[in-house]
Amino acid sequence: MGLNAGDELVDVVDEFDQVIQVVPRRIMRADRLRHRAVFIAILDGAGRLLVHRRSPHKDVWPSWCDIAVGGVVGAGESYLEAAHRELAEEVGVSAATLAEIDLGESQPYDDDQVSLMARCYVVTTQGPFTFDDGEVVEAWWVHRDGLDDLLRRERFLPDSLALLLPLIDF
């Protein structure tokens, strides 16, 4: 029997991205501990970005829209390993080349829900996409003007907007 998501181990890091503690994910969430995360923008190579709606069962920002696939880096996992894992788990893309777009440096993000250090990546692929793990309930392609319209109408994850959106050009 597998671990439930709340029991997954997560590295807690300091402001210099150094591991200071390892805790279960549920403790990280409950105590808003700084952890590592990855954000991956999916572009189609023709000027569109893949946007998706999160599952209503997510532990933070359920049913909100996101411009990135990604998530929490597991204890002992590298950012790149986590990015490949998340891409495969969330959208079924396992043979993709991820490009770092953050100059290889983790960036901090803090708000009233999360505290994290993140790395940002971009991948160009047209799919096909599958949503087998249930974290994504729907996804669609948008051009930049379509994203601007969606941003006015929908709730989007603030961390990926703050960290990833300024780095992608589509």
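Among F131, F39, F156, F16, sorting on how many other beta-carbon atoms sit within 10 Å of each Cβ, with the fewest leading, yields F16, F131, F156, F39. Computed over the alpha carbons of region 21-111, Rg followed by Dmax gives 13.8, 43 Å.
Centre-to-centre separation between the Cα atoms of region 9-60 and those of region 98-170: 11 Å.
Taking other C-beta atoms within 10 Å as the exposure proxy, E90, E100 rank E100, E90 from fewest upward.
Residues of region 1-44 with the amide nitrogen closer than 20 Å to a label point 7 Å from the Cα of F131, along Cα-to-Cβ, please. Residues 5, 39-44 fall inside that zone. Note on the chain: along the principal axes its Cα atoms extend 43, 36, 33 Å, ordered by decreasing extent.
Bear in mind that the values in this text are calculations on the coordinates, not laboratory data. Everything quoted here is computed from the prediction, not taken from an experiment. So basically every Cβ, Gly included, is an ideal-geometry build from the backbone, and we count neighbours across all protein chains shown.
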